[in-house]
Amino acid sequence: MSQAINSDTAPGPLQALYAPIKDELAAAEAVFRDALHSESPFVDDLLQYGGQLGGKRLRPALLLLTAKATGEISTDHYTLAAVIEMIHTATLVHDDVLDEAAKRRHLATVNSRWNNEASVLLGDYLFTHAFHLASTLESTYACRRIGLSTNLVCEGELRQVGNRGNHSLSEDEYYAIINGKTAELCACACHLGAKYSGASESRITGMERFGRDLGMAFQIADDLLDLLGDESATGKSLGTDLDKEKPTLPIIRLYHNSPAADRDALVQLLESKSESDRSELLKRLKASDAIEYTREKAAHLAAAARREVEALPSSDARDILADLTDFVIARSM
C-alpha cells in the first residue's frame, strides 16, 4: 500500500531548505498521515495514494517556518500544518479533474488511475476531514480563518473557469484570480503560523502579506513552467493551461502587446490544439517580451515577499523564508 510522503522526498533544493525544521515537518507529516485512514480498503487506498500528490509540502513548511520565525512552535502548529496540506491536496485532486491531467509528481493522477467520480469524492473527503481536524483545536479561530480561505480559493478557481477563452482578460483580473486560487492558501498558512505562535497583529499581517506575495510569484512561475517546462523534470502534465484556454500572464502580455490586426490570428493559435500551431505560438512568445515580462513580475512579487521577511528578527527560520522567495521563481528560469 502507498504511504504518504515526508519532507525527505521533497525536491533536492527544498530538502536543504527544510533541514532546520525536519523534525517539525515530520511531526506534522505524522498528523497528516494518521488522518488519512479508512477501514474500507478502497477508500484507504485512495487516501494513501492521494496523500502522495502534494509533493513539496511548501504550505506546511511556510506555516512552521513562520511560527518559528515569529515565536514558538506548538502542537497546534502540527495539526494546522496537516490541515493546510490536506486542503491543498484536495485542490490538486480537483484541479486534475478540471484539467484532465494524467500525471502529477511522476505518478498517475487519481482521475487517470481511477476515475473522475473517485477524484471528486476524494477531494471532498479531504476538504471535510481538514475541517474536522481543525475543529479538534481548543479555539475555533483556525476553522473560521481556513473556511474563509477555502471559499476564496474556490472563488478563484470559479473565476478562472468563467474566463476560459477570454483572450482579452486584463492583468488585474488575472492577478485577482491567482490571488484566490493559489496565493490565499499560502497567506493563510503564514497567518496561522504567526497567529498561533503569539505574534503581534502587525506581525501576523506582515507574514500574511509575505505568504500572499510568495504565492502570487509561485503561480506566475508555474504558468511559465506550463508553457516552457519539461514534463520529465516537473513530473506533472504540462500544457493544460493552453488546452483549457486559461489566460495566463505570458499569454495576456502577448495578446495585449500584439497589434490589433494580428490578434485574430493569435486567437486562432490559442484555440488550436495542433502541434504546429503550438510551436508557432511558442515562437511568438519567445520573439516577444512576454516571457521576460512574466519573469520580471514574478521576481518583483518575490522581492516584496523578501522585504516582509527581512523585517523579522534574525533567525535561521527567517533566512529560510527569505531563501524560499528565490526558490519559487528559480523554477521558471
(message) Which count do you get for residues in the stretch 301-316 that are part of a helix (DSSP H, G or I) and surrounded by fewer than 23 Cβ atoms within 10 Å (Cβ to Cβ)?
(response) 6
(message) It is to be established whether one or more residues within the stretch 8-16 are part of a loop (DSSP other than H, G, I, E, B), surrounded by 15 or more Cβ atoms within 10 Å (Cβ to Cβ), modelled with pLDDT under 85 and touching an Asp or Glu at 6+ places or on another chain (Cβ under 8 Å).
(response) no
(request) Output the qualifying pairs, or none if there are none: Cβ atoms under 8 angstrom, residues six or more apart or on different chains, first residue in the stretch 25-40 and over 15 Å from residue 136 (Cβ atoms), second residue among the acidic types (Asp, Glu). (result) 37/44; 38/44
(request) Tell me which residues, restricted to the stretch 89-118, are over 16 Å from the mean Cα position of the chain (by Cα), farther than 22 Å from residue 164 by Cα and not basic (Lys, Arg). (result) 106, 107, 108, 109, 110, 112, 114, 115, 117, 118
(request) Scan (1) without any contact (Cβ under 8 Å) to a residue 24 or more places away in the chain; (2) under 20 Å from residue 317 (Cβ atoms); (3) of a type in the set (S, T, N, Q) for the single condition residue 151 breaks and write down its number. (result) (2)
(message) Can you say whether residue 128 is without any contact (Cβ under 8 Å) to a residue 40 or more places away in the chain, of a type in the set (Ser, Thr, Tyr) and surrounded by fewer than 15 Cβ atoms within 10 Å (Cβ to Cβ), as far as the supplied structure shows?
(response) yes
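Conditions tested, residue by residue: (1) in contact with an Asp or Glu (Cβ under 8 Å, 6 or more places away or on another chain); (2) closer than 23 Å to residue 69 by Cα; (3) among the small types (Gly, Ala, Ser).
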{"site": "277", "(1), (2), (3)": "no, no, no"}
{"site": "282", "(1), (2), (3)": "no, no, no"}
{"site": "285", "(1), (2), (3)": "no, no, no"}
{"site": "302", "(1), (2), (3)": "yes, yes, yes"}
{"site": "314", "(1), (2), (3)": "no, yes, yes"}
(request) Please find, among 46, 92, 107, 122, the residue that is surrounded by fewer than 20 Cβ atoms within 10 Å (Cβ to Cβ) and not small (Gly, Ala, Ser). (result) 107
(request) Any residue in the stretch 286-306 that's touching a residue at least 24 places away in the same chain (Cβ under 8 Å): show its pairings with residues that are assigned to a loop (DSSP other than H, G, I, E, B) and exposed (fewer than 14 other Cβ atoms within 10 Å of the Cβ) at Cβ separation under 8 Å, as long as the two are six or more apart or on different chains. (result) 295/333
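The values are calculated or read from the model by the stated rules, or taken from the named source; none is laboratory data. Remember, predicted model here, so these are calculated numbers, not experimental data. Here the Cβ is made from the backbone with ideal geometry for all residues, glycine too, and neighbour counts use every protein chain on show.
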